[in-house]
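Quick notes on the structure that follows.
The values are calculated or read from the model by the stated rules, or taken from the named source; none is laboratory data. Given the structure is predicted, the values throughout are model-derived calculations rather than measurements. Glycine also receives a Cβ, built like all others from the backbone with ideal geometry; neighbour counts cover every protein chain displayed. These area figures cover heavy atoms from the full protein model, side chains too; ligands, DNA and RNA do not enter into them. Shrake-Rupley method; radii C 1.70, N 1.55, O 1.52, S 1.80 Å.
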Amino acid sequence: MKSDRLLSILLLLQTRGRVPAPELADRLEVSVRTVYRDVEALSAAGVPVYAERGRHGGIELLPGFRTDVTGLTADESRALFILAAQGAHAALGLDAALGSALRKVMAALPAPHRPAAEVTSRRILVDATRWMSGPRQSVDLEVLKDAVFSDRRLRLRYRHSGQREPRTYTVDPYGLVAKAGVWYLVADRRGAPRLFRADRVRSARLLDEPVRRRPGVELADAWEVLRRQVEEREDRVEVTVRVRRDRLDLFQRLAAAQLTAPPDDDGESEWVTVRLAYPALGAVRQLLAFSDRVEVVDPPEARAELLAGARSVLALYQGQGPADG
């Protein structure tokens, strides 16, 4: 677009000083004649730019002229160069575009702000993936992204957790959400909001039909409803446990998704009380991994479930003969 080209010329002249017209034409992939026309357009808009022809000529801004194209403050400049969730850009195929955008912003920054922005990009790194989350299946977001940006319906083959065979759905996408390194498709199915993990999508096909979203509902609205449904499920099982102090830090890291409140820690006791919530009673068997370092206090059915799990493990090993070979 011409407006993008004019901005690029202005930024290049601000950072480089005099630039030969052929070089500008080569960088912008246009003809030299187009460059001169763009320079005339900048001049007509009040930008003090001029061209000198000849062997040592070029296009240049009047000495001392500078415009803060972005209007950014120093803190705003730093904020832009903290690249949160870098994997998100790669998953969407936008890594190159991000790099190009940041170079343009760097060129447009007022000179006093550039060192701080550059140092920030080297000193601050945000990795949104949780520790010990395990290897994740690669996700192809291309079709999902196309549906989101083209406002078209999707036909999904989707495998739910705990099910072996995928099911088929026709959905109306609102957008994509990356949460702690996991991508989700937020969409309506039959007028109700639904959440689909991208790594469980077995196949996706764009339909010719336009998307049918509920009037006035945006991605953030639908996501908030779904997020609260996950976090505030009425059928979840609330469990109180005691954790030995020497395993408390590790326990909090591994059970972070189930914690409902900070531990009741007086800083001295050998055992610390922790409150958790699980989506189903059987999920409390996760606590078997902590052996005698964690004790379920309440409810009684959670204790019984854990005892049943421990007996199953014991029976497995008592009945198993020596391994062959």
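Below is a table of values for the structure above.
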quantity: Residues satisfying the stated conditions in the stretch 7-43, i.e. surrounded by 17 or more Cβ atoms within 10 Å (Cβ to Cβ), in a helix (DSSP H, G or I) and either in contact with a Pro (Cβ under 7 Å, 6 or more places away or on another chain) or in contact (Cβ under 8 Å) with a residue 24 or more places away in the chain (or both); calculated: Ile9, Leu10, Leu11, Leu12, Leu13, Gln14, Ala21, Leu24, Val35, Asp38, Val39, Leu42
quantity: Among the residues listed as Leu226, Leu195, Leu287, Leu219, the single one being over 23 Å from the mean Cα position of the chain (by Cα) and either closer than 22 Å to Arg159 by Cα or at pLDDT 85 or above (or both); calculated: Leu287
quantity: Residue tally, condition open to solvent by less than 70 Å² (accessible area, probe 1.4 Å) and either within 15 Å of Leu248 (Cα to Cα) or part of a loop (DSSP other than H, G, I, E, B) (or both), over the stretch 264-278; calculated: 7
quantity: Considering residues of the stretch 160-183 that are modelled with pLDDT under 90 and of a type in the set (Lys, Arg) only, the residue most open to solvent (accessible area, probe 1.4 Å); calculated: Arg164
quantity: Counted residues, the stretch 211-244 - those being part of a helix (DSSP H, G or I) and out of contact with any Phe, Trp or Tyr (no Cβ under 7 Å at 6 or more places or on another chain); calculated: 11
quantity: Count - residues of the stretch 44-53 that are open to solvent by 60 Å² or more (accessible area, probe 1.4 Å) and either in contact (Cβ under 8 Å) with a residue 60 or more places away in the chain or over 15 Å from Leu7 (Cβ atoms) (or both); calculated: 4
quantity: Condition check for Val186: more than 20 Å from the chain's Cα centre (by Cα), within 15 Å of Leu156 (Cα to Cα) and open to solvent by less than 40 Å² (accessible area, probe 1.4 Å); calculated: no
